[in-house]
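Scroll down for the structure; my scribbles are underneath it.
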Amino acid sequence: METLLQDLRYAARTLFKSPGFTIVAVLTLGLGIGAITTMFSVVNGVILEPLAYQQADRLVSVTAGGPSRIGARTQYSFPDFEDLRASSHSFAQLGAFRYWLFNLSGSGDPEAVLGVFAGDSVFTALRVHPMLGAVLSPGADAGLVREALLSHSLWKRRYGSDRSIVGTSIDVDGKPATVVGVLPEGFRYPELVPANTPLPSREPDIYLPLGTEPQGQHDRSNDNYWVIGRLAPGVTIPQAASELAAFAKHQTAAYPNTDANLQMVPQALKDQVVGDASRPLVILLGAVGFVLLIACANVGGLLLARAAGREREIAVRTAMGASSARLARQLLTESLLLSLLGGALGVVLATWGVQALRSFAPATLPRLADVALDGRVLVFTLVTSLASGLLFGLWPVLRRDSRTNLALREGGRHAWTRERRRLRAGIVIGEVALSIVLLTGAGLLLRSFARLAAVNPGFDGKGVLTMFSLIPPARYPTPQSWAAYEHAVVDRIGGLPGVIQAGAINTLPLSNIGDNTSVDIIDHPAKSMGEMPEVGYRIIAGGYFDALKIPVVSGRGFTTGDSAGAPQVVVINQSAAHQFYPGENPVGRKLRLMNGDTTAKTIVGVIGDTHGEALDVAAKAEVSYPYQQGAEPLITLVVRTNGDPHLLLPSIKHELAAIDPQFAFYAPRTMDDLLSASLDQRRFALELLAGFATAAMLLAGLGLYGVIAYSVSQRTQEIGVRMALGAERSSVLGLVIRDGLGLTAAGLGVGLVVAAMLSRVLRSQLYGVGTLDPVAYLGVVAVFALVALAASYVPARRAAGVDPIVALRTE
């Protein structure tokens, strides 16, 4: 221990005597370690940390497998859930729930909040203990009582942290509900809402019993219920999968019309929550690892240069009896001390980095609130720092050999040996290659993002404001009352000055949610309901098509004549026309939607496709019908204005309050905002990777500059001789630049080959470009060629300015 302390004291004194070197090395390492610590904190919080429930690894979600996207079944009917709960032996608890939008009134202005209709077994499975009161009672599951469980944030925000609220009544959707408890601060409900779904928040604020859910609970075709459960003791996920597969097969046979091809797969709840966000995060962690490697290579190069100046010192210590092991340990101690200083700086930078990242990361990134510098992250930083110290400190130790005797005799003139030049050149080539890999990845993502941003969404959102809400069934109990409310809203908003057109729809394009149903094509009937194709259905009010400038390709749109008593009509999109009536004119044909009223409806028009889910997902078949002939309570107001839509927001809110002062809309935003939000996760990955690639490029450029500058300083006498013999400044300039470009070319060759192999991991993140996109690769070559030219030009100018008399005088 005493020897270690001596080494540390000597290393500290040595580094203190070289403040310039120490500051540059610590800053370089601090930036690299800070970047990888920040990125690891995200990976740790989102992917590695277990969910904040007791024995969270025993929690599963029942899905059809695959990502949570429209078309991949992740929800089930309540009758199917009840059948499963009655027959299953693999789960200790099995619960169902449904997301809902609630209107809260009283105790302030009306407010629309995200909520959940949940069975009591959901909270039992999650093992939640309220901060105040209790969870929903078992009797509430049957709808015998109307209870409400509040989130801590809602209790604090709307009810002023009133601890006496338990047992009192609040107004939820126009009906009283008794508050039975308040959940603890920090509790987060499993986030299963698909990304980019327009909601007041990502976290539910209120929970009501499943038995009080007003719509279609006993309809086997109503697939709106999420199913989660806790595995029974000793049961594994594969065992539960076998039981669920057998159950799904039984349901398909028993209910072929509604459960055809039913799939049920148990998936770890954490995997369902994280979804497809894990892959890009792991890629980004690997990318920032490259940045750290380049930083280590830079510091290693600095140590090699420094070691050249210390060879005489090392030789003297060897002559005085210092063993090779003792000297190696001293050099490694200095390297490790540097790395620890860099690690300490990295932690400070990572603290700011995590805060900055959480502020600009998309709200749809799952588990963003769990991202923090916890114990695991700090241990990772310590290990990374020590590993970095060993990595960049290894080469100087290995190169400390018998040449020290030569250095003792000749005063260090042979320090810049051919072997050391090759080693430093190799380090620079490696740095260039690593930075080329990152630049290529960023280039591919940039090309992909540009292609995706150029996709026509099928509508014109400029100057269009949207607002969302769910009409409270308690206040508006019938489809006729929903239709009347929608008519009043569209009519009054459409009459405001500055409004060009107003309309409404149940679910907007790009909202990543949609109502789907089976469709019976009367001209081409299916053999059974289970074989009927699935379509998205949209319910249109007012001038929705005109408000978004969705073109009517053939036939007509809806008119005021398409009333409740008139013949039922629909409009289909081009995808539906091509799928159901290839090469035929669909106008005048008939079909049936199986989501309620199965009366045959006449197709009166065909409209252009809109991307319902995301820009990178092809438009699907959709059928639209007028709200007068089948309204639903979900309403999305769409208003086209002749100026800035936000300026009309106060007037719109005033008109809505005049219609019903206890009814709140939420999330007012423009369609351009919605379009931009649909690209948020891709933009986030692109910005991070581009930032890492830029840092890598600059570090590699600095490394190249350092090698060329050091080479020039060692070749001063050679350059002086050349110029004394008549060499022109331009030839000296070209000589040095060629050296730099030669190293760059070698790094480019290696980097492009490695990039071509590693770019396959980006395939799932690309749209419209291949992993070998020539434009991206040529762009990378051009950008780094400019960086290399700049890095070589400064030392080349210095070399060209050498005075041959001064250079030769030192000989």
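Mean residue ellipticity at 222 nm from the helices of the chain, using -39,500 (n - 2.57) per DSSP H segment of n ≥ 4 over the full residue count, to the nearest 500 deg cm²/dmol? Before the final figure, lay out the partial values.
Numbers: 23 runs with 394 residues, N = 811.
It lands at -16500 deg cm²/dmol.
If you average 1/r over every pair of different alpha-carbon atoms in the chain and take one over that average, what Kirkwood value in Å do you get?
Values: mean 1/r = 0.0322 Å⁻¹.
For the chain, the Kirkwood estimate is 31.1 Å.
Across the accessible surface of the chain, with the other protein chains kept in place and a 1.4 Å probe, carbon and sulfur atoms take up 60 percent. Annotation: per residue accessible area for the range 106-239 equals 38 Å², rounded to a whole number [probe 1.4 Å, protein chains only]. Partners of Lys462 within straight-line reach, counting lysines whose Cα lies under 20 Å from its Cα and excluding those fewer than 8 residues away in the same chain: Lys549.
Look at the alpha carbon pairs under 8 Å that are at least 6 residues apart: their mean separation over the length of the chain gives a relative contact order of 17 percent. Mean projected area of the convex hull spanned by the Cα atoms of the range 591-706, taken over all viewing directions: 13.4 nm². Helix 375-399 axis versus longest C-alpha principal axis of the chain: approximately 30°, rounded to the nearest ten.
Look at the alpha carbon pairs under 8 Å that are at least 6 residues apart: their mean separation over the length of the range 100-253 gives a relative contact order of 30 percent.
The long axis of helix 729-758 is offset from the longest Cα principal axis of the chain by roughly 40 degrees.
Along the range 614-619 the Karplus relation, 6.51 cos²θ - 1.76 cosθ + 1.60 evaluated at θ = phi - 60°, assigns HN-Hα couplings of 6, 5, 8, 10, 4, 4 Hz to successive residues, with x for each Gly and Pro. In plain terms, if you count all Cα to Cα distances in the range 75-214 and split them into 5 Å steps from zero, the share in each step is 2, 10, 20, 24, 21, 14, 7, 3, 1, 0 percent.
The lysines whose alpha-carbon is closer than 27 Å to the alpha-carbon of Lys156, local same-chain residues fewer than 8 away aside, are Lys175, Lys653.
Solvent-accessible area per residue in the range 590-690 equals 36 Å², computed with a 1.4 angstrom probe and all protein chains kept. Per the Cα gyration tensor, the range 521-618 maps to an equivalent ellipsoid with semi-axes of 21, 18, 14 Å, ordered largest to smallest.
Only aspartates and glutamates eight or more places from Lys270 in sequence, or on another chain, were considered; those with a Cα closer than 20 Å are Glu49, Asp57, Glu191, Glu203, Asp370, Asp374. With a threshold of 25 Å on the Cα-Cα distance, the over-threshold entries among Lys527/Lys620; Lys527/Lys601; Lys590/Lys620; Lys249/Lys620; Lys249/Lys601 are Lys249/Lys620; Lys249/Lys601. Packing around the peptides 251-262, 378-389, taken as the average count of other Cβ atoms within 10 Å per residue, puts them in this order, highest first: 378-389, 251-262. Per residue, the solvent-accessible area of the range 474-563 (1.4 Å probe, heavy atoms of protein chains only, all protein chains present) comes to 43 Å². Note on Thr236 and Ala756: their simple-model spin labels are 4.3 nm apart, each label 7 Å out from Cα toward Cβ. The label-point distance for Gln662 and Lys590, in a model that sets each label 7 Å from Cα toward Cβ, rounds to 4.3 nm.
Rounded to the nearest 10 degrees, what's the angle between the helix 237-254 long axis and the longest principal axis of the chain, both from Cα atoms, 0 to 90? Its long axis makes an angle of about 30 degrees.
The values are calculated or read from the model by the stated rules, or taken from the named source; none is laboratory data. Computed from a prediction, not measured in an experiment: that's the story for all the values here. Using ideal geometry, Cβ is built from the backbone for each residue, glycine included, and neighbour counts are taken over all protein chains shown. Ligands, DNA and RNA are excluded from the accessible area calculation, which covers all protein heavy atoms including side chains. Shrake-Rupley method; radii C 1.70, N 1.55, O 1.52, S 1.80 Å.
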